[in-house]
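Shown next, in structure tokens, is the structure this report addresses.
The values are calculated or read from the model by the stated rules, or taken from the named source; none is laboratory data. Since this is a predicted model, take the numbers as computed values, not measurements. Don't worry about glycine lacking a Cβ; one is built from the backbone with ideal geometry, like all the others, and counts go over all protein chains shown.
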Amino acid sequence: MNEKEQHLSDFDFELPESLIAQFPLKDRASSRLLHVRPDGSLEDLIFRDLLNLVRAGDVLIFNDTKVIKARLTGRKQTGGFFEAMTERVIGTHEAISMMRSSKPAKPGTILYFDHPEGGEPAVAEVLGREGEFFKLRYERPVLEVLDEYGKVPLPPYIQHAAEKSDETRYQTVYASHPGAVAAPTAGLHFTEELLQQIRDKGCEEVFVTLHVGAGTFQPVRVENLSEHVMHSEWYTIPEETARKINKAKEEGRRVICVGTTSLRTVEASASSNPEGKVVPGAAETRLFITPGYEFKVCDAMVTNFHLPKSTLVMLVSALCGRDEILNAYKHAVEEKYRFFSYGDACFLEKKANS
């Protein structure tokens, strides 16, 4: 066996279901924060304490994607019920969606979407299949239909139906570009006040856009990780963001990624460049980060706690070390931290000598 071979079971851990957060805290910045230092030692903090962990000159990268109300329900022209989860908006009137119905919808099928207040249904046509997804063409602009007819697509491990409060709470305070079907959850802990305090300390903030798709919740289905095919995601990096990140790296200042999506975006960009620099523009990535990956940009990150055996646990293990992450997660379970999207956060510093 290749000694570098990595297995899905290497990233498993025991997680009591009672620790999966079902609702957010009223105060975003009052979540707990587990600090994992470069040597793997741990410190229990409150999220506001992040202000004491950042320092002047740090560049913080935020994903400014905005969650769309991606979940739609309705009836096919044949009368059968369906549920559609928008995966990606690909044009003013077209989108790629997952669909659940008793029978797969055939090309040409007309869909009638239920209005939440009993109004006239919105209409779309099934154009065809793209793997496990369906391509739909809407009579009205897609984002307009989603905003009026859709529901917030809460993650599958949150067991209650989306409420009105989720429309603002499952959204970062700096969200500005609609397109995500899942929130970049590390950003949910930031308030306008905390962001201003971080600026006042002398940190720079920059933004990237990666619209998180439903693929982020798909489980890894192979034991040998070399056989896993990562879902693709589109990202955009503004010129100013690339310039500020590259300047910080040249000057030896820290780059802190807020969330796994911000990290994947800048690492994918730098990995595609022979000089290892972040390149402005839009591109697609299937970057799969596992232990052994050489980070080109990220020195530390803010992130939530992730699912056992998920690609995100593999990513944070690459940054901090697998043993260190599993130890941190064991500590978090013992101390009853809250897990996943509405849960608590970590501040992870890159492992010494990695």
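Taking segment 11-31 on its own, how many of its residues are touching a Pro at 6+ places or on another chain (Cβ under 9 Å), part of a helix (DSSP H, G or I) and over 18 Å from Thr303 (Cα atoms)?
Result for segment 11-31: 0.
If you check Phe340, Phe288, Phe305, which single one turns out to be in the same structural domain as Gly40 (by TED's automatic domain parsing), surrounded by 23 or more Cβ atoms within 10 Å (Cβ to Cβ) and within 19 Å of the chain's Cα centre (by Cα)?
Phe305
Output yes when any residue across segment 183-198 is at pLDDT 95 or above, in the same structural domain as Arg253 (by TED's automatic domain parsing) and over 22 Å from Val54 (Cβ atoms), and no when none is.
no
Could you list all residues from segment 191-249 that are within 21 Å of Arg28 (Cα to Cα), among the acidic types (Asp, Glu) and without any contact (Cβ under 8 Å) to a residue 24 or more places away in the chain?
The answer is Glu192, Asp200.
If you check Val279, Val297, which single one turns out to be surrounded by fewer than 19 Cβ atoms within 10 Å (Cβ to Cβ) and either more than 19 Å from Val54 (Cα to Cα) or touching a Leu at 6+ places or on another chain (Cβ under 9 Å) (or both)?
Matching residue, one of Val279, Val297: Val279.
Name the one entry in Phe23, Phe13 that is within 30 Å of Phe113 (Cβ to Cβ) and at pLDDT 95 or above.
Criteria check complete, one pass: Phe23.
Exactly one of these conditions fails for Phe82: (1) buried (at least 20 other Cβ atoms within 10 Å of the Cβ); (2) touching a Leu at 6+ places or on another chain (Cβ under 9 Å); (3) within 20 Å of Ser262 (Cα to Cα). Give me its number.
So Phe82 meets the others, but not (3).
Please enumerate the residues belonging to segment 304-341 that are assigned to a loop (DSSP other than H, G, I, E, B) and of a type in the set (D, E, K, R).
Selection gives Lys309, Glu335, Lys336, Arg338.
Does Thr209 meet the test of being over 26 Å from Asn52 (Cβ atoms) and hydroxyl-bearing (Ser, Thr, Tyr)?
yes
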